[in-house]
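S.K.: Input: one structure, supplied below.
Each reported figure results from applying straightforward, stated rules to the coordinates on display, with no laboratory input. Treat the numbers as computed from the prediction; the structure is a model and nothing was measured. A quick note on method: Cβ atoms are made from the backbone with ideal geometry, for glycine too, and the neighbour counts reach across all protein chains shown.
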């Protein structure tokens, strides 16, 4: 791999973040995508990488024969660039040559941060499974499970062996061992996979002997009725609650890393934010929410979690990542009025949830917020908002302090309608 060329392409993409003309920036973006695609073709896994690169989000600055030069389009454009740059930076770790063995286990980029998720795949457990996937990815770990691949040419048990060998960490849920309604037989997939995991840990040598596991169930001690040998394990109960499951996973992963992880309440708040935006994300990708596959869902989670920092964008062109309350207040009170006198506070993620204001100087303030989709766009009904009121609302919004909802009155509006 030519790392110098990779660095040059990354620099070419980073330059797009400073673009100011919609037409030129869109054309430069198209050239950059073509240049990266040409380079990817020279790599060992070129065709699949090229296909993945071109499946990523495209420039929102152009649609048909028209160009969009508004603040929201520029903000979305820069998010697309940052996501593509992150994807590009990961290419080096994904294209290292593997030793030609009669049977090769695909090891993820970081074995120590890979989590094997062993849980039920039925519809009733789906809310917990999706919450677990989100928590693992948001906290900076790699999720691995039997749904990773649909390769029918490989024996299922062999897939499980490879997934387990590739993961230092494992989450094993034992909630589903009741009799199957169709054949009146118990479902022992999860206890079996837990047994394989513990067996590899015990007899696999280094680095397999470093494995650790989180074992969960719906209620305390239910597992002792059907698998008493697990009684020595510290089994945790999630009470069929996605919020509790996220909390268990977060607290356990915090013991497996030196990183400072967000608190369980913060992970849960981010997950609720993601769920609110998911329908609109599906609509934009011509997907039906009820028909999402595991891989579809994981792609949305990956893209959402790539951007974990809030952002304040001003009409002057200034962008502040992770703004403080003081920075937000100073930005609002310093708005001069005029065409470019606006401020947009975007919550981390897909950019579909934000609070924005325009005005200042001798002009009245307009204040709006959006929660995940155009259908959930609201405007403050007050016509005499002061800079102090707007700043207070935006600071509270940034702090996830819900008082701004009650202190001001709001109505649902079409975001494209005039003020």
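S.K.: Taking the number of other C-beta atoms within 10 Å as the exposure measure, put 133, 390 in order starting with the fewest.
M.R.: Going from sparsest to densest Cβ surroundings: 133, 390.
S.K.: Given the chain, what percent of its DSSP beta bridges are antiparallel, to the nearest 5?
M.R.: 65
S.K.: To continue, here is another question. On C-alpha positions alone, give me the angle between the axis of helix 71-89 and the longest principal axis of the chain, in degrees, nearest 10.
M.R.: That works out to roughly 30 degrees.
S.K.: Hey, another quick one. Report, in degrees rounded to the nearest 10, the 0 to 90 angle that the Cα long axis of helix 264-284 makes with the longest principal axis of the chain.
M.R.: 70
S.K.: Still on this model: By average Cβ neighbour count within 10 Å, what is the ranking of 399-405, 157-163, 125-131 from highest down?
M.R.: Averaged packing, sorted descending, gives the order 125-131, 157-163, 399-405.
S.K.: Then there is this: Grab the beta carbon distance between residue 407 and residue 27, set R0 = 51 Å, and tell me the FRET efficiency rounded to 0.05.
M.R.: Once the sixth-power term is evaluated, E becomes 0.65.
S.K.: Another one. Please check: in the Gaussian network model of the chain (C-alpha springs, under 10 Å), which one of 255, 212, 381 has the largest mean-square fluctuation.
M.R.: Comparing 255, 212, 381 in the GNM, the peak value goes to 255.
S.K.: Give the separation of the Cα centroids, region 1-59 to region 294-313, in Å.
M.R.: With region 1-59 and region 294-313 each reduced to a Cα centre, they are spaced 20 Å.
S.K.: Quick one: 85, 352, 364, fewest Cβ neighbours within 10 Å first, how do they rank?
M.R.: 364, 85, 352
S.K.: Please find, in a Gaussian network model of the chain (springs between Cα atoms separated by less than 10 Å), the residue of 218, 73, 286 whose mean-square fluctuation is greatest.
M.R.: Per the Cα network of the chain with a 10 Å cutoff, 286 tops the list.
S.K.: Right, another one. Can you sort 21, 123 so the residue with the fewest Cβ neighbours within 10 Å comes first?
M.R.: Ordered from fewest to most neighbouring Cβ atoms within 10 Å, 21, 123 come out as 123, 21.
S.K.: Specify the angular offset, from 0 to 90 degrees and rounded to the nearest 10, of the alpha carbon long axis of helix 189-203 from the longest principal axis of the alpha carbons in the chain.
M.R.: Roughly 80 degrees, rounded to the nearest 10.
S.K.: OK, next. Among 31, 82, 275, which one shows the highest mean-square fluctuation when the chain is modelled as a Gaussian network with alpha-carbon springs under 10 Å?
M.R.: Comparing 31, 82, 275 in a Gaussian network model of the chain, the most mobile one is 31.
S.K.: Determine the gain in length on full extension of the stretch residue 293-residue 14; use 0.36 nm per residue of separation and subtract their C-alpha separation, reporting nm with one decimal.
M.R.: 97.2 nm
S.K.: For region 293-368, what Kirkwood radius comes out of the mean inverse Cα-Cα distance, in Å?
M.R.: 13.6
S.K.: Here is a further query. Could you give log10 I(q)/I(0) at q = 0.20 Å⁻¹ for region 311-412, computed by the Debye formula over C-alpha point scatterers of equal weight, without solvent?
M.R.: With no solvent term, the Cα-only Debye profile gives -1.01.
S.K.: Once you order the gyration tensor axes a ≥ b ≥ c over the Cα atoms, which shape class does region 3-94 get: rounded for a/c under 1.5, otherwise prolate or oblate by comparing a/b with b/c?
M.R.: The shape class here is prolate.
S.K.: Please work out whether region 1-53 counts as rounded, prolate or oblate from its C-alpha gyration tensor, where a ≥ b ≥ c are the square roots of the eigenvalues and a/c under 1.5 means rounded, while otherwise a/b larger than b/c means prolate and anything else oblate?
M.R.: Since a/c reaches 1.5 but b/c is at least a/b, the shape of region 1-53 is classed as oblate.
S.K.: Counting pairs of Cα atoms in the chain, how many percent are more than 28 Å apart?
M.R.: Within the chain, distances greater than 28 Å cover 57 percent of Cα pairs.
S.K.: Would you work out if region 377-419 is rounded, prolate or oblate? Take a ≥ b ≥ c from the square roots of the eigenvalues of the alpha-carbon gyration tensor; rounded if a/c is under 1.5, else prolate when a/b is larger than b/c, oblate otherwise.
M.R.: Judged from the Cα gyration tensor, region 377-419 comes out prolate (a/c at least 1.5, a/b above b/c).
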